[in-house]
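Contents: one structure, followed by commentary.
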Amino acid sequence: MTLSVLDRMTLYSQQQYRQDVFSFYAETLEDVNKSFRHAAYRQFTILMHGKLTAGDRRTVPASCVKLIREKFPSLSGQYTGFIPGEGPVF
């Protein structure tokens with residue numbers, strides 16, 4: 001998990017590959033960390049469940065969320081949390 005989900009260069013290359021809009025507009029450290037958190041959650045989900053369809057969301061285990069938040073912290077301490085999609089939650 002460390003190399004594929006928490007490594008900045010791995011996440012950066014995935015952001016560039018996906019043309020991630022969050023990373024394009026990241027100007028502050030808060031924005032950069034938020035974009036890396038988003039990329040890390042996505043990377044974990046792809047590794048565990050494969051590519052998901054639109055509206056299909058999967059929860060990330062609390063232990064992984066904790067590691068990702070420790071690696072890419074919010075300076076304000078505020079996090080969005082899980083937002084359910086239209087499909088079933090697994």
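Brief remarks on what is shown
- The set of residues from region 43-90 being more than 24 Å from residue 28 (Cβ to Cβ) and charged (D, E, K, R) comprises 51, 56, 57, 58, 86.
- In the set 39, 54, only one residue is under 20 Å from residue 83 (Cβ atoms), among the small types (Gly, Ala, Ser) and under 14 Å from the mean Cα position of the chain (by Cα); that residue is 39.
- Count of region 32-73 residues, restricted to those that are modelled with pLDDT under 85 and open to solvent by less than 60 Å² (accessible area, probe 1.4 Å), is 4.
The values are calculated or read from the model by the stated rules, or taken from the named source; none is laboratory data. Remember, predicted model here, so these are calculated numbers, not experimental data. Positions of Cβ are backbone-derived with ideal geometry, glycine not excepted, and every protein chain shown enters the neighbour counts. Heads up: the accessible areas ignore ligands, DNA and RNA and are worked out on the full protein's heavy atoms, side chains in. Shrake-Rupley method; radii C 1.70, N 1.55, O 1.52, S 1.80 Å.
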